[in-house]
Protein chains: 4
Amino acid sequence: MSPRPDVSEQRKDQILAAATKVFTKHGFSNARMDDIVAESGLSKGALYWYFDSKDAIIVSILDQIFDYETAHVHEILEIEDSAQAKLEVFVDTTIRDIEKIKPLMPILFDFWSLSVRKKTINQAIKRYYQNFLDLIEPIIEQGIEQGEFRAVEVKGTAVALGAIYEGTILFYLYFSDTIDIEKQFKSNLDLVLEGLLQNP
Amino acid sequence: MSPRPDVSEQRKDQILAAATKVFTKHGFSNARMDDIVAESGLSKGALYWYFDSKDAIIVSILDQIFDYETAHVHEILEIEDSAQAKLEVFVDTTIRDIEKIKPLMPILFDFWSLSVRKKTINQAIKRYYQNFLDLIEPIIEQGIEQGEFRAVEVKGTAVALGAIYEGTILFYLYFSDTIDIEKQFKSNLDLVLEGLLQNP
Amino acid sequence: MSPRPDVSEQRKDQILAAATKVFTKHGFSNARMDDIVAESGLSKGALYWYFDSKDAIIVSILDQIFDYETAHVHEILEIEDSAQAKLEVFVDTTIRDIEKIKPLMPILFDFWSLSVRKKTINQAIKRYYQNFLDLIEPIIEQGIEQGEFRAVEVKGTAVALGAIYEGTILFYLYFSDTIDIEKQFKSNLDLVLEGLLQNP
Amino acid sequence: MSPRPDVSEQRKDQILAAATKVFTKHGFSNARMDDIVAESGLSKGALYWYFDSKDAIIVSILDQIFDYETAHVHEILEIEDSAQAKLEVFVDTTIRDIEKIKPLMPILFDFWSLSVRKKTINQAIKRYYQNFLDLIEPIIEQGIEQGEFRAVEVKGTAVALGAIYEGTILFYLYFSDTIDIEKQFKSNLDLVLEGLLQNP
DNA sequence: GATGAATGAGGATTCATTCAT
DNA sequence: TATGAATGAATCCTCATTCAT
């Protein structure tokens with residue numbers, strides 16, 4: 001009488017995957033629980049067994065996405081190299097994962113929208129961006145300390161980098177036909193590095 | 001004898017103002033027509049007299065916002081000056097209007113979200129950003145031709161500027177307590193100009 | 001200063017004509033006053049000036065139609081001839097006017113439907129059919145008295161004739177492509193006359 | 001363990017019965033879904049679980065009625081007897097079921113009305129009447145072939161019989177106080193048979 | 001007489017959630 | 001655990017009617 005294996009994690013992932021698909025297609029508000037039920041292949045009762053509500057699913061997706069993104073961003077922390085090299089690695093990994101990031105943007109839009117009204121969502125997003133800044137700032141500081149970069153204002157520069165990162169993905173969504181995202185990110189980096197680096 | 005004065009434009013503005021308020025507070029999907037009715041001080045029938053549907057109101061708001069933003073952006077076209085001076089004016093007018101732009105962001109989030117599914121919305125947004133690029137590119141070209149700027153790739157640089165603009169406003173929404181938006185925009189401009197300007 | 005000519009009858013007819021068209025197309029319930037306004041070329045206020053309500057328009061149309069039909073039926077009363085000849089004239093005038101009657105059937109359907117619930121409508125229809133019977137019965141009586149027809153039961157035969165009349169138009173509505181209405185009415189008459197006439 | 005018994009057919013019937021009642025009372029357009037909900041004893045959600053819309057309910061009722069009527073008409077096909085006998089059986093079964101048919105007439109009115117605008121409804125009715133004609137025609141042919149009937153035009157006679165059938169029920173609705181429906185149908189039959197039968 | 005903007009009760013439909021099995 | 005039928009509050013939109021001008 002071996003106990004049944006715990007399938008709950010598996011089920012939850014199944015539901016979140018289905019929900020992500022459905023939310024991407026319809027947006028949070030227009031997505032129906034029945035859509036998620038259909039997409040997941042489970043029953044309505046099962047959905048409510050694993051998640052208390054539609055909101056609970058949404059929040060779980062938020063966690064999932066930001067966990068992934070944060071992990072992604074943290075990769076560069078591992079690198080032992082010049083500040084410039086770190087930024088280059090950051091751009092490279094972003095380019096590498098852009099096709100995974102892109103389909104999540106519709107959901108991100110909804111999160112941005114929700115964050116206006118839901119404090120939890122707002123805080124989660126803020127935490128995520130803070131995380132991003134917390135990572136970038138030391139790199140800039142390192143660059144300045146080691147004489148690579150000019151003595152720029154650190155916080156403002158970090159925000160500028162975050163802004164250009166999010167903004168570029170946004171523009172790419174509307175101009176994916178005319179923007180070569182790889183070139184674009186490299187071009188962004190050139191522009192910024194040119195502004196950051198000490199004149200030789 | 002005297003024909004009733006035509007109040008239809010007034011009424012439409014009244015409705016759009018109310019709708020903007022309500023949409024900002026609740027988001028498109030969660031906003032109820034009854035909310036707009038209450039906020040506008042008109043009746044439900046009046047709303048539907050001037051607008052065919054909730055969607056029609058949303059689209060009208062989109063037009064209104066983008067008309068405003070486009071006009072705003074075009075101000076710099078008038079200036080006869082160096083490319084650098086034009087960019088500086090752009091930053092100045094943005095700073096000047098930031099408090100008007102900020103409360104519209106929640107609505108912009110919903111538009112971004114909607115644009116994934118509604119082609120008309122998508123096209124309107126794309127047109128707006130294209131407009132932005134069409135304005136910025138000649139400035140960069142002017143800067144290069146007149147020897148102010150390095151020979152950067154024009155299109156990519158324009159996108160970078162658009163990205164940093166939208167992205168900064170986004171970050172400002174989440175960090176309005178720690179970001180001094182005026183300084184931030186100026187800092188952005190410094191960074192970019194430093195990257196663009198010929199080394200003397 | 002001659003007084004303005006009274007256009008109210010003209011206006012009423014204009015409205016009833018428009019209403020008939022609209023009711024034919026949409027049915028009573030689905031027809032909107034705005035449709036009638038548009039079709040009539042008048043204003044909404046004008047409509048309500050001449051008719052108190054949608055119902056009032058409907059009732060007026062009922063009167064109009066039945067007046068017409070009754071007049072139509074009464075034509076045969078004028079004829080001085082054998083009973084058989086009178087029935088033949090009745091068939092002929094029906095055939096002659098069938099294209100005018102046919103487009104009124106959709107409205108008649110609605111009147112039948114309404115008559116279930118509205119006593120006034122019910123009575124109007126009943127009166128109309130009674131009228132029909134009052135006309136046909138003397139003809140049958142005449143036929144019997146003068147030895148043309150067998151000694152059938154008068155009332156029942158009149159109802160049978162009314163039934164076959166209404167029923168034929170009904171079938172014609174669904175089979176106008178395969179029924180030659182002229183032949184059909186003549187065939188009906190033959191059948192009935194064959195049943196009524198004394199065997200020679 | 002035991003699976004819940006499938007009550008969906010039962011529920012559908014429950015809803016259709018309630019809807020028939022409500023439609024009879026108010027007509028299609030004026031009947032409210034809430035009326036059907038109340039009459040059925042179910043909830044609004046349940047109604048929409050089993051039927052997509054008010055229209056779907058209407059169509060289902062159409063099917064139900066015509067299935068019943070068609071079955072009813074087909075009874076005579078079984079009989080092995082003279083053409084005259086078959087027509088007599090038809091009249092007898094009609095008389096037998098008249099009290100079941102009568103309350104459905106208000107609904108039939110609405111179907112006739114709807115059929116003007118809705119092709120599906122039109123086709124269903126047409127199919128039903130065609131069915132009727134397809135049944136009657138062979139009987140008339142049989143009568144002619146076997147020398148019972150005169151050599152009448154078959155199709156036209158079938159239409160005449162259908163017409164007198166529908167028309168009689170119609171008149172009966174308005175004159176149920178003065179028409180003895182049993183006598184009336186027998187009288188109709190006599191009249192027609194007298195017209196059809198060979199003179200001895 | 002005539003206009004047409006404005007009213008607001010009414011009604012079809014949706015969908016997150018529940019719960020008996 | 002899992003099912004899916006059932007619930008009913010919520011919400012968009014319609015349209016007959018009114019009335020200030």
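Can you pull out every residue in the range D:17-35 that is within 17 Å of D:F111 (Cβ to Cβ) and either within 14 Å of DNA strand F (Cβ to nearest atom) or within 14 Å of chain C (Cβ to nearest Cβ) (or both)?
Narrowing the range D:17-35 to residues within 17 Å of D:F111 (Cβ to Cβ): D:19-31.
If the condition is that a residue be within 17 Å of D:F111 (Cβ to Cβ) and either within 14 Å of DNA strand F (Cβ to nearest atom) or within 14 Å of chain C (Cβ to nearest Cβ) (or both), then D:T20, D:K21, D:V22, D:F23, D:T24, D:K25, D:H26, D:G27, D:F28, D:S29, D:N30, D:A31 are the ones that fit.
Looking at B:V152, is it part of a loop (DSSP other than H, G, I, E, B), modelled with pLDDT under 95 and within 20 Å of A:N188 (Cβ to Cβ)? Spell out the reasoning first.
Values: part of a loop (DSSP other than H, G, I, E, B): yes; modelled with pLDDT under 95: yes; within 20 Å of A:N188 (Cβ to Cβ): yes.
In short, yes.
Specify the residue that is surrounded by the fewest Cβ atoms within 10 Å (Cβ to Cβ); the eligible residues are those in the range D:145-175 that are within 12 Å of C:V159 (Cα to Cα) and among the hydroxyl-bearing types (S, T, Y).
Checked the range D:145-175; the qualifying residue surrounded by the fewest Cβ atoms within 10 Å (Cβ to Cβ) is D:Y174.
Looking at the structure I just gave you, is D:A83 within 30 Å of D:S187 (Cα to Cα) and crowded, with 19+ Cβ neighbours inside 10 Å? Explain how you work it out, then say what you get.
Working: within 30 Å of D:S187 (Cα to Cα): yes; crowded, with 19+ Cβ neighbours inside 10 Å: yes.
So D:A83 passes the test.
Please tell me if A:A124 is more than 9 Å from every other protein chain (Cβ to nearest Cβ), touching an Asp or Glu at 6+ places or on another chain (Cβ under 8 Å), under 30 Å from B:P103 (Cβ atoms) and in contact (Cβ under 8 Å) with a residue 40 or more places away in the chain. Give the steps one after another, and end with the answer.
Numbers: more than 9 Å from every other protein chain (Cβ to nearest Cβ): yes; touching an Asp or Glu at 6+ places or on another chain (Cβ under 8 Å): yes; under 30 Å from B:P103 (Cβ atoms): yes; in contact (Cβ under 8 Å) with a residue 40 or more places away in the chain: yes.
Against the criterion (more than 9 Å from every other protein chain (Cβ to nearest Cβ), touching an Asp or Glu at 6+ places or on another chain (Cβ under 8 Å), under 30 Å from B:P103 (Cβ atoms) and in contact (Cβ under 8 Å) with a residue 40 or more places away in the chain), A:A124 qualifies.
Is at least one residue of the range D:57-64 on the phi < 0 side of the Ramachandran plot and free of Cβ contacts under 8 Å to residues at least 40 places away in the same chain? Show your work before the answer.
Keep residues of the range D:57-64 that are on the phi < 0 side of the Ramachandran plot, which gives D:57-64.
Of the ones still in play, those that are also free of Cβ contacts under 8 Å to residues at least 40 places away in the same chain are none.
No.
Residue by residue through the range A:166-200, note down the ones that are under 24 Å from A:E80 (Cβ atoms), part of a helix (DSSP H, G or I) and either facing chain B (nearest Cβ under 7 Å) or touching a strand residue (DSSP E or B) at 6+ places or on another chain (Cβ under 7 Å) (or both).
A:V192, A:L196 - these are the residues of the range A:166-200 that are under 24 Å from A:E80 (Cβ atoms), part of a helix (DSSP H, G or I) and either facing chain B (nearest Cβ under 7 Å) or touching a strand residue (DSSP E or B) at 6+ places or on another chain (Cβ under 7 Å) (or both).
Please pick out the residue among D:A31, D:A56 that is surrounded by 15 or more Cβ atoms within 10 Å (Cβ to Cβ) and of a type in the set (G, A, S).
Values: D:A56 fails: surrounded by 15 or more Cβ atoms within 10 Å (Cβ to Cβ).
Matching residue, one of D:A31, D:A56: D:A31.
Does D:R117 satisfy being free of Cβ contacts under 8 Å to residues at least 40 places away in the same chain, surrounded by fewer than 18 Cβ atoms within 10 Å (Cβ to Cβ) and facing another protein chain (nearest Cβ under 9 Å)?
Numbers: free of Cβ contacts under 8 Å to residues at least 40 places away in the same chain: yes; surrounded by fewer than 18 Cβ atoms within 10 Å (Cβ to Cβ): yes; facing another protein chain (nearest Cβ under 9 Å): yes.
Yes, satisfied.
Of all residues being away from every other protein chain (no Cβ under 14 Å) and within 16 Å of DNA strand E (Cβ to nearest atom) in the range B:54-103, which is nearest to B:E145 (Cα to Cα)? Just the residue, please.
Across the range B:54-103, the extreme among qualifying residues is B:S60.
Cβ-Cβ distance below 9 Å, separation of 6 or more or different chains: which pairs start in the range B:172-200 with a residue that is over 23 Å from B:G143 (Cβ atoms) and end on one that is in a loop (DSSP other than H, G, I, E, B) and not aromatic (F, W, Y)?
Within 9 Å, the pairs are B:Y172/B:I179; B:K183/A:E153.
Applying the selection to the range B:36-53, what residues are among the charged types (D, E, K, R) and either within 14 Å of chain A (Cβ to nearest Cβ) or more than 9 Å from DNA strand F (Cβ to nearest atom) (or both)?
Narrowing the range B:36-53 to residues among the charged types (D, E, K, R): B:39, B:44, B:52.
B:E39 - this is the single residue of the range B:36-53 that is among the charged types (D, E, K, R) and either within 14 Å of chain A (Cβ to nearest Cβ) or more than 9 Å from DNA strand F (Cβ to nearest atom) (or both).
For the range B:26-53, how many residues meet the condition of being away from DNA strand E (no atom under 14 Å from the Cβ) and in contact (Cβ under 8 Å) with a residue 40 or more places away in the chain?
Matching residues across the range B:26-53 total 1.
The values are calculated or read from the model by the stated rules, or taken from the named source; none is laboratory data. Predicted model only: the values in this text are computed from it and were never measured. FYI the Cβ positions are ideal-geometry reconstructions off the backbone, even for glycines, and counts take in every protein chain you see.
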